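The structure under discussion appears below in the form of structure tokens.
Please treat every number below as a calculation from the coordinates, not as lab data. Quick caveat, the model's predicted, so the values are computed rather than measured. Because the Cβ atoms are built from the backbone with ideal geometry, glycine has one as well, and the counts that use them run over all protein chains shown.
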Amino acid sequence: MLRVAVPNKGTLSEPASEILSEAGYRRRTDSKDLTVIDPVNQVEFFFLRPKDIAIYVGSGQLDFGITGRDLVRDSDAPVRERLALGFGSSSFRYAGPAGRDWKTADLAGKRIATAYPNLVRKDLAERGIEATVIRLDGAVEISVQLGVADAIADVVGSGRTLSLHDLVAFGDPLCDSEAVLIERADPDGQDGTRAARDQLVARIQGVVFGQQYLMLDYDCPRSVLDRATSITPGLESPTIAPLADPDWVAIRALVPRRGVNEIMDELAAIGAKAILASDIRFCRF
């Protein structure tokens, strides 16, 4: 039976459970449940703190886990990323008091508060910057105001929380994060679960793909067929079917959800008609 870790709370929890449900796995019905067994698919789910998941997976106690890329990198656990899941996007940035033109080099000799000390130490070492890293488990933004730190390193979404504490982000992101599916770095010896592991990855990948792509159908003058297929090349090749009018063809292709309106604009500009974008739920490669 596969053992899979799922975030028990926070912004990753509900989307992770939703993806697993869409992939055909059993959901927990009580948020207090720490484990759920799916006997049909032979999977046991463990609901754990997102920050601990990479450690459990890396130790070999669990086969897979869903958590944030930033948490994985901070853990130093021997795991590898199998899939990016397309939700929970954020940037991990340095931030300091507003009113100063901060550069990353300005962190030399400073105190930096963070909930991700390993990630910060690695970044500073790569930059050749010596600074004091102070570990805090929450409310990192207030540390500068209280005089505990000179700057912080934290997850930044809209930047609203930083503004509320008169802080400004600076420098390149230490990590662009999102939810990821991880497994331990050396899973090849687990031959008894290989088929089940591959199936779980394929199912989740199919759901993620369905969230990121649309099916586009349209009619197109045969005279601009090459231009149309260059706009919508599909994954391997678009489907092209003749219509009753020999001067027209019907085309079907998968297109990225992001930018679909621009694609439809381009098709309309070359004379395509009846352009229809449809949701897809799953896809297998």
* Structure fact -> Computed over the chain, the relative contact order (Cα-Cα under 8 Å, seq sep at least six) in percent reads 19 percent
* **140, 43, 148 arranged by Cβ crowding within 10 Å, fewest neighbours leading** => 148, 43, 140
* Hey, can you rank 209-221, 271-283 by average C-beta count inside 10 Å, highest first? -> 209-221, 271-283
* Asked: Ranked by Cβ crowding within 10 angstrom, fewest neighbours first, how are 229, 132 ordered?
  -> 132, 229
* Under 11 Å from the 7 Å Cα→Cβ point of residue 217, by amide nitrogen: which residues of segment 246-270? -> 251-253
* Only Cα pairs under 8 Å and at least 6 apart count here; give the relative contact order of segment 90-175 as a rounded whole percent. => 50 percent
* Structure fact -> The whole-number value in µm²/s of the Stokes-Einstein translational diffusion coefficient for the chain, with Rh from the Kirkwood sum over alpha carbon pairs at 4 °C and 1.567 mPa s, is 59 µm²/s
* Asked: If contacts are Cα pairs under 8 angstrom and at least 6 residues apart, what is the relative contact order of segment 213-279 in percent?
  -> 51 percent
* What does the highest-first list of 164-173, 77-86, 53-62 look like by mean Cβ count within 10 Å? -> 53-62, 77-86, 164-173
* Asked: In Å and whole numbers, how far do the C-alpha atoms of segment 90-175 stretch along each principal axis, longest first?
  -> 31, 24, 23
* Determine Rg/Rh for segment 1-148; Rg is computed over alpha-carbon atoms and Rh is the Kirkwood hydrodynamic estimate from the same atoms. => 1.06
* Euclidean distance between Cα centres, segment 199-243 to segment 15-72, Å -> 32 Å
* Asked: Leaving out same-chain residues fewer than 8 places away, which lysines sit with a Cα under 28 Å from that of residue 110?
  -> 51, 122
* Tell me what the chain gives for mean residue ellipticity at 222 nm when only DSSP H runs of n ≥ 4 count, each as -39,500 (n - 2.57), the sum divided by the residue total, rounded to 500 deg cm²/dmol. => -8000 deg cm²/dmol
* **Student exercise, segment 188-279 dipole from Lys, Arg, Asp, Glu Cβ charges, in Debye to nearest 20** => 200 debye
* What do you get when you divide the Cα radius of gyration of segment 213-279 by 2.2 N^0.38 Å, with N the number of residues? -> 0.99
* Asked: Setting aside same-chain residues fewer than 8 positions from residue 9, which aspartates and glutamates have a Cα under 15 Å from its Cα?
  -> 18, 30, 33, 52
